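K.L.:
Sharing a structure here in structure tokens format.
The values are calculated or read from the model by the stated rules, or taken from the named source; none is laboratory data. No experiment lies behind these values; they were computed from the predicted model shown. Cβ coordinates were reconstructed from backbone atoms using ideal geometry, including for glycine residues, and neighbour counts include every protein chain displayed. Note: areas computed on protein heavy atoms with side chains; ligands, DNA, RNA excluded. Shrake-Rupley method; radii C 1.70, N 1.55, O 1.52, S 1.80 Å.
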Amino acid sequence: MILAAGRGERMRPLSDATPKPLLRVGGKPLIVWQIESLARAGFRTLVINAAHLAAQLTGALGDGGALGVSIRWSTEAEPLEVAGGIATAIPLLPEGPVVVVAGDVWTRFDYATLRSRADTMALDGATPRVHLVMVPNPSFHPQGDFALEGSRIHWDGPGKLTYGSIGVFDTTLFRELPRGTKLKLLPLLHDWIARGLVSGERYDGPWANVGTPAELAALDRQLSS
């Protein structure tokens with residue numbers, strides 16, 4: 001699933017006229033970078049949620065055929081946050097583990113490495129039901145999100161890292177949640193971490209949460225040089 005429903009407040013005024021995932025860097029929209037990376041890794045059946053300027057997103061990407069993937073759309077009347085978006089898209093998602101990524105993140109992360117993680121999660125109910133890819137803290141989020149000790153995520157601890165908006169989630173965790181309702185992911189993660197349901201890994205490669213026009217321009221220069 002690609003999360004693409006957000007308003008992109010920090011990206012204004014650019015996001016006033018264009019959905020943030022459709023803003024271009026290196027000659028293509030941010031979300032197309034993600035779709036191409038997922039397709040290379042063998043993830044070609046995609047669900048994308050859309051809310052802000054949703055018609056532009058669905059019009060630009062359609063059914064995904066031009067990019068070698070199959071896209072199903074979960075359209076929200078207003079952005080429902082991460083957990084609300086996943087819960088609302090549940091009828092379109094398979095039962096069990098799915099890869100979930102943000103549509104406005106640019107990265108060279110190899111999504112194929114998550115396939116074995118998802119397969120293990122599907123076969124062994126005793127393994128963690130959520131796996132998060134953690135990255136070094138960007139300048140706009142120096143405090144980080146969670147501590148990573150070995151392969152386990154902890155709510156607090158030394159050397160906190162930032163959740164890179166890339167993960168594997170067991171959709172059964174969302175099936176009892178209300179649909180069409182705003183739900184933040186953080187309170188759910190707090191509960192799941194306390195229950196020992198969350199694992200993680202550190203990724204030190206290229207990654208950018210492209211939040212502002214200046215950051216977008218800098219990444220575009222980097223990819224175009």
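K.L.:
Could you check the stretch 155-174 and list, in sequence order, the residues that are at pLDDT 95 or above and not polar (S, T, N, Q)?
P.N.:
Passing the criteria: K160, L161, Y163, G164, I166, G167, V168, F169, D170, L173, F174.
K.L.:
Given the structure, is L197 in contact with a strand residue (DSSP E or B) (Cβ under 9 Å, 6 or more places away or on another chain) and open to solvent by less than 70 Å² (accessible area, probe 1.4 Å)?
P.N.:
Taking the combined requirement at face value, the residue satisfies it.
K.L.:
Oh, and also: Could you go through the stretch 174-194 and let me know if any residue there is open to solvent by less than 30 Å² (accessible area, probe 1.4 Å) and either among the β-branched types (V, I, T) or touching a His at 6+ places or on another chain (Cβ under 6 Å) (or both).
P.N.:
Yes, some residue in the stretch 174-194 is open to solvent by less than 30 Å² (accessible area, probe 1.4 Å) and either among the β-branched types (V, I, T) or touching a His at 6+ places or on another chain (Cβ under 6 Å) (or both).
K.L.:
Quickly run through the stretch 114-146 and pick out the residues that are hydrophobic (A, V, I, L, M, F, W, C) and either more than 14 Å from S199 (Cβ to Cβ) or open to solvent by less than 10 Å² (accessible area, probe 1.4 Å) (or both).
P.N.:
Answer for the stretch 114-146, where residues must be hydrophobic (A, V, I, L, M, F, W, C) and either more than 14 Å from S199 (Cβ to Cβ) or open to solvent by less than 10 Å² (accessible area, probe 1.4 Å) (or both): L114, M121, A122, L123, V130, L132, V133, M134, V135, F140, F146.
K.L.:
Follow-up question, since we're still on this one. Quick check on D156: is it charged (D, E, K, R), surrounded by 15 or more Cβ atoms within 10 Å (Cβ to Cβ) and in contact with a strand residue (DSSP E or B) (Cβ under 7 Å, 6 or more places away or on another chain)?
P.N.:
No; evaluated as a whole, the condition is false for this residue.
K.L.:
Within the set of pairs 6 or more residues apart or between chains, which connect a residue that is more than 18 Å from K182 (Cβ to Cβ) inside the stretch 48-62 to a residue that is polar (S, T, N, Q) with Cβ atoms less than 9 Å apart?
P.N.:
From residues that are more than 18 Å from K182 (Cβ to Cβ), the pairs are I48/T58; I48/S74; L53/S15; L53/T18; Q56/T18; T58/T75.
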